[in-house]
1. Output the peptides 137-146, 238-247, 96-105 sorted from most to least packed, where packing is the average of other Cβ atoms within 10 Å over each peptide's residues.
2. Need one number: % antiparallel among DSSP beta bridges in the chain, to the nearest 5.
3. With no solvent and one point on each alpha carbon, what is the Debye value of log10 I(q)/I(0) for the stretch 229-330 at q = 0.15, 0.16, 0.19 Å⁻¹?
4. Give, as a single signed number, the net charge of other residues whose beta carbon lies under 9 Å from the beta carbon of Ile47, with Lys and Arg counted +1 and Asp and Glu -1.
5. Report the net charge of residues surrounding Ile205, where surrounding means a beta-carbon distance below 14 angstrom and charges are Lys +1, Arg +1, Asp -1, Glu -1.
6. Take the stretch 288-335, compute every pairwise Cα distance, and split them into 10 Å bins from 0; I just need the percent in each bin.
7. As an exercise, take the mean of 1/r over every pair of distinct alpha carbons in the stretch 102-193, invert it, and state the Kirkwood radius in angstroms.
8. Kindly express, to the nearest 10 degrees and within the range 0 to 90, the angle between helix 251-260's C-alpha long axis and the longest C-alpha principal axis of the chain.
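No value in this document is a laboratory result; all are computed from the given coordinates. Note that the structure is predicted; figures quoted are calculated from it, not measured. FYI the Cβ positions are ideal-geometry reconstructions off the backbone, even for glycines, and counts take in every protein chain you see.
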Amino acid sequence: MPSPLSITHIEIYKLSVPLKEPFITSLGKEESADNILVKIFTNAGIIGFGECSPYMPINGESQDTCFVVGQYFAKVLKGKDPLSIEECVKQMDAVIYGNTSIKSAFDMALYDIASQHAAMPLYKFLDGSNSKTIVTDYTVSIDEPAKMAADALKIKEAGYPAIKVKLGKDGKQDIKRIKAIRDAVGDDIPIRIDANQGWKVKEAIDTLNALSVFNIQHCEEPVARWKFMKLPEIKNESAIPIMADESCSDEHDAERLIELEACDYFNIKLGKSGGIFKALKMVKLAEAAGIRLQVGAMLESRLAMTAFAHFALCSDFIVHYDFDTALMFVEDPVSGGITYEKNGLIRVPETNGLGAWIEPERLNKLGKAII
């Protein structure tokens, strides 16, 4: 029998929150999180929340484009069955190509509704288990070596189990950056590096091999995403494991990189995949190929970060977690959701659905569209 549920209306909000400090990568500097919230209402009174954090250099979307495109999605999804997630995803894909960030916010809200309807936490709805521990790393923005070393030392002293370091601005200078960090924090804490596509191919190989003496756990996206055909060469020449990020957006990218034997890890972000529905396909491909995974984030609040944590419990192949950016906000607008405990430990809510929301009085202060 068809589901009695249907979508009655959808609200789309612009949420902007300043960051405590600028977040700097080889792609640019961000001083605030300029996000979109989606709130889907049903005839049964179940409400689903979703969020995305568009980033123009990676997914070609902004807060403004997501706000507009989201209204197109709301119009085609109104009256649809929110439990038919695959059909809703197909409807969005039929409206417009790409725009994976805003699609992920709608997808998230649909999964929130579906897991509430099933009367189980989202991770259980995804056939996941809360038996494994989620611990986030914390990121050092790219800067002068001394500043980065000081920031890394603060992260270690705060008890985080791993330090993520943004690189990709001049390989020789990047080596100095990592040396300064190692001198400051010692050798007993893992370092993960992310070049954000910043190196040339030979520069990447030379830099990675020079950095291998500093106990680097893995390197994300060493070269431009469109140079994915060079990733097998870099992987084979590098003493540091390679993680595909910008070059691995959806299940089609994952399949291609597996065939190329291009990397050791995938970094899954729902804002790249278009949401949980397609990210689950990436997990299945990775499991079959024996590729381990990280679940990462853009600049989402704790609302979307809660969805990422639920999703991260769906597979034992997901072994790394990069959920720190919500901690960089000057304020936390979210109710419920994950809790950050000592030493980067994250607790996932056991309530039905996503378990995270934003109160109406907070939403009423935001720019919005109602469909």
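1. 96-105, 238-247, 137-146
2. Close to 55 percent.
3. Ignoring solvent entirely, the Cα scatterers give -0.57, -0.65, -0.87.
4. Taking every other residue near Ile47 into account, the sum is 0.
5. After counting each charged neighbour, the total is +1.
6. P(r) over the stretch 288-335, rounded to whole percents: 27, 46, 22, 5, 0.
7. Over the stretch 102-193, the inverse of the mean reciprocal pair distance is 15.8 Å.
8. 30 degrees
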